[in-house]
Amino acid sequence: MADWGYVAVDKSGKEVKGSKSADNAEQVSRELKNQGLTVLEIKEATALTKDISFDFGGNPTPRDLSVFCRQFSSITRAGVTIIEALNMLADQTENKKMQNALFMVKADIEKGETLADSLEKHPKIFPELMIQMVRAGEASGSLETSMERMAIQFERSNKTRALVKKAMIYPIVVFIVAIAVVIVMLVVVIPSYTDMFAQLGTELPAITRLVVTWSDFIQARWYILVPIIAAIAFGIKTYAQTYSGKHLFGKLQLKIPAINNLITKTAAAQMSRTLSTLLSSGVPLIEAVDIVADTMTNIWFKEAVKDAVQQIMVGAPLSQPLETCGLFPPMVYHMVHIGEEAGSTEEMLDRLADYYEEEVEMAVQSLMAAMEPMIIILLAGIVGFLIAAVMAPMLTMYQALDNL
């Protein structure tokens with residue numbers, strides 16, 4: 001695949017220049033025409049003529065995908081063809097990566113490929129869940145319905161994730177503020193009192209000597225301390241991506257009393273909503289559960305659901321592995337079991353998802369309410385310790401003056 005520079009004209013007559021990666025010039029020409037451009041010139045780019053791209057756009061968010069699915073469903077229900085719908089949605093999409101992917105999907109469909117197969121070529125843009133939903137919708141002739149369900153799925157998943165992030169952001173921000181306060185006290189405030197401490201002529205209290213030692217070390221060895229802290233942070237982040245690291249931090253999430261309830265309910269809501277969406281669109285149970293496993297964020301839940309796939313393949317009902325793994329709340333596997341016996345698994349999963357999404361919201365509110373006083377006490381303790389270190393010599397000096 002080579003890089004090709006091009007010159008084209010848009011519908012308004014404005015000249016457009018750029019570059020694309022493609023196997024040949026004909027492919028570049030087709031893609032530009034699909035974007036509504038009139039090609040004037042295409043040349044293979046060299047090291048000197050190649051454009052430098054500064055595209056910092058990220059992958060589409062669940063919100064972007066939700067809007068796309070809902071608009072796609074509405075447009076196609078109105079009688080617009082899939083190719084025209086993709087062209088319209090690509091033109092109005094703000095995310096550049098998603099826009100480029102949609103133009104390429106449109107080009108593939110024009111060649112005769114299915115929408116699902118075309119989306120599957122862009123796994124970083126369109127998740128596996130969406131691809132399988134589209135495939136099931138195309139097979140059953142209910143693509144618009146599948147897209148509507150996906151829109152709801154992305155909206156509710158995004159809401160749940162936003163609630164969890166909200167619970168995590170507050171303590172992180174306060175922790176950063178606490179560190180900043182400590183650094184300012186040690187680097188600015190304490191040194192301003194050092195000379196006065198030296199002139200007291202008496203032995204400083206232990207708490208003051210400790211803080212002064214910290215202050216002197218930070219000022220004299222900050223260039224050593226900063227790389228060490230950065231290396232530790234990088235090491236923790238790298239380890240967290242390894243197999244053992246994912247298990248360790250995943251286990252900590254389930255063991256810490258303050259957040260284990262939130263993590264468990266979030267996993268239950270995510271599993272129920274995603275599985276219900278897939279099953280209601282006609283995706284087979286084994287394939288649906290396998291897709292659900294890939295969407296789980298905590299490695300222990302991911303492996304539990306993966307294990308459920310193996311047990312379902314040998315004839316076990318879904319409720320059985322959900323119970324034996326010991327991770328999901330009892331209501332999950334009991335409701336799934338009732339749904340399996342009554343032949344209404346999708347309905348039961350929908351109810352479970354609704355219930356646990358509300359529970360996640362309540363858990364976030366409870367966590368925030370519990371953390372606020374704890375964080376205030378922690379900050380008060382840190383600042384109080386530093387103030388005590390500053391005031392202790394003064395109190396000693398005043399006592400000495402009183403004794404004269």
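Numbers below:
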item: Yes/no for residue 335 being under 28 Å from the mean Cα position of the chain (by Cα) and hydrophobic (A, V, I, L, M, F, W, C); result: no
item: Only one of 83, 169, 109 that is out of contact with any helix residue (DSSP H, G or I) (no Cβ under 7 Å at 6 or more places or on another chain), of a type in the set (A, V, I, L, M) and surrounded by fewer than 19 Cβ atoms within 10 Å (Cβ to Cβ); result: 169
item: Whichever residue in region 1-29 is over 11 Å from residue 40 (Cα atoms), more than 35 Å from the chain's Cα centre (by Cα) and open to solvent by 50 Å² or more (accessible area, probe 1.4 Å) and, among such residues, is modelled with the highest pLDDT; result: 26
item: Those residues of region 269-288 which are open to solvent by less than 30 Å² (accessible area, probe 1.4 Å) and not in a helix (DSSP H, G or I), in sequence order; result: 281, 283
item: Residue satisfying condition, being out of contact with any strand residue (DSSP E or B) (no Cβ under 6 Å at 6 or more places or on another chain), touching a residue at least 40 places away in the same chain (Cβ under 8 Å) and polar (S, T, N, Q), within set 238, 277, 242; result: 277
item: Which listed residue, of 213, 264, is among the β-branched types (Val, Ile, Thr), open to solvent by 60 Å² or more (accessible area, probe 1.4 Å) and outside any loop (DSSP other than H, G, I, E, B); result: 213
item: Sole exception among (1) more than 24 Å from residue 34 (Cα to Cα); (2) open to solvent by 60 Å² or more (accessible area, probe 1.4 Å); (3) within 27 Å of the chain's Cα centre (by Cα) for residue 139, by number; result: (3)
item: Residue identified as open to solvent by 30 Å² or more (accessible area, probe 1.4 Å), in contact with a Phe, Trp or Tyr (Cβ under 8 Å, 6 or more places away or on another chain) and of a type in the set (A, V, I, L, M, F, W, C) among 335, 371; result: 371
item: Pair list, Cβ under 7 Å, 6 or more apart: region 88-103 residue in contact (Cβ under 8 Å) with a residue 60 or more places away in the chain, other residue assigned to a helix (DSSP H, G or I); result: 103/31; 103/34; 103/90
item: Residues within region 298-318 that are under 21 Å from residue 281 (Cα atoms) and either acidic (Asp, Glu) or crowded, with 21+ Cβ neighbours inside 10 Å (or both), tallied; result: 3
item: Options 71, 132; residue that is over 20 Å from residue 283 (Cα atoms) and either open to solvent by 10 Å² or more (accessible area, probe 1.4 Å) or of a type in the set (D, E, K, R) (or both); result: 71
item: Total residues in region 312-352, condition in contact with a helix residue (DSSP H, G or I) (Cβ under 7 Å, 6 or more places away or on another chain), modelled with pLDDT of 90 or more and β-branched (Val, Ile, Thr); result: 4
item: Subset of region 316-366 [hydroxyl-bearing (Ser, Thr, Tyr) and under 22 Å from residue 165 (Cβ atoms)]; result: 355, 356, 366
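Residues are listed down the side, and each one gets a yes or a no for (1) part of a helix (DSSP H, G or I); (2) loosely packed, with under 11 Cβ neighbours inside 10 Å; (3) modelled with pLDDT of 80 or more:
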position: 173; (1), (2), (3): yes, no, yes
position: 182; (1), (2), (3): yes, no, yes
position: 187; (1), (2), (3): yes, no, yes
position: 201; (1), (2), (3): no, yes, no
position: 207; (1), (2), (3): yes, no, yes
position: 218; (1), (2), (3): yes, no, yes
position: 238; (1), (2), (3): yes, yes, yes
position: 246; (1), (2), (3): yes, no, yes
position: 252; (1), (2), (3): yes, no, yes
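So that you can scan it fast, the table gives a plain yes or no per residue for (1) outside any helix (DSSP H, G or I); (2) closer than 30 Å to residue 258 by Cα; (3) at pLDDT below 85:
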site	(1), (2), (3)
58	yes, no, yes
94	yes, no, yes
122	yes, no, no
125	yes, no, no
156	no, yes, yes
164	no, yes, yes
169	no, yes, yes
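The values are calculated or read from the model by the stated rules, or taken from the named source; none is laboratory data. Computed from a prediction, not measured in an experiment: that's the story for all the values here. Heads up, the Cβs are rebuilt from the backbone with ideal geometry, glycines too, and the neighbour counts pull from every protein chain shown. In case anyone asks, the SASA skips ligands and DNA or RNA and just uses the protein heavy atoms, side chains included. Shrake-Rupley method; radii C 1.70, N 1.55, O 1.52, S 1.80 Å.
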